[in-house]
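S.K.: So that we are looking at the same thing, I have put the structure below in structure tokens.
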Amino acid sequence: VTFTHGPPGGFADGGEGLREQVIETLTGEDAPAELGRFVAQGVVDANASAWVEGATGSVAFYSYRFREASVLVDRAITMFRETCRDITWEVGSMQGWWLLPSLFMLGEIDEFCRRASLCLREAQELGALYNETSLRTYMMVRVHLAMDRPVEARREAALAIRGWSQKHGFHTMHFGEL
């Protein structure tokens with residue numbers, strides 16, 4: 001990345017036009033490589049880089065580009081795991097809201113079922129209630145339905161929601177349990 005305003009130090013002290021250069025660089029064809037250079041230069045930390053990758057994957061997901069979404073979100077999850085700490089919520093959210101649904105929408109049911117089960121096991125081992133409940137009410141229901149087990153699908157969601165808060169409003173997990 002070549003900056004016309006000297007070495008990058010962030011948006012605040014980078015001078016007029018730096019923000020626009022960063023945005024242009026991060027949205028261009030070579031964005032992943034350029035983002036890596038930002039990280040190396042200290043402009044963007046590893047957590048922010050992983051979030052940019054995940055957010056780009058979420059945009060692809062909501063634009064119905066499920067193959068691209070699955071690749072980007074998978075990469076973001078790898079970035080979080082390799083470079084960050086305390087990332088249980090981030091990884092679980094990306095798995096449950098974008099990665100697994102992308103595989104499902106692509107019709108990759110075997111891979112979806114395999115990975116959903118692995119994600120659920122990881123959430124349970126970590127004691128990550130948010131991740132576990134989200135996976136059980138949204139993804140594992142689909143696993144059971146894909147295997148023609150509708151009774152188990154309803155039971156899975158009902159059991160999952162029992163462990164979730166009933167006092168503090170209606171959450172996405174409650175919607176998934178419906």
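S.K.: How high is the FRET efficiency between residue 55 and residue 117 when r is their beta carbon distance and R₀ equals 25 Å, given to the nearest 0.05?
M.R.: E between residue 55 and residue 117, to the nearest 0.05, is 0.40.
S.K.: Here's another thing I want to ask about it. What is the packing order of peptides 62-72, 145-155, taking the mean over residues of other C-beta atoms within 10 Å and listing the highest first?
M.R.: Result, highest mean first: 62-72, 145-155.
S.K.: Tell me, in nm to one decimal, what length is gained between residue 155 and residue 110 on full extension, where the rule is 0.36 nm per residue of separation less the Cα-Cα distance?
M.R.: Taking 0.36 nm per residue and subtracting the Cα distance, the gain is 14.0 nm.
Each value in this text was obtained by applying a stated rule to the coordinates, not by laboratory testing. Please read all numbers here as calculations on a predicted model, not as lab measurements. Cβ atoms come from the backbone with ideal geometry, glycine included; neighbour counts cover every protein chain shown.
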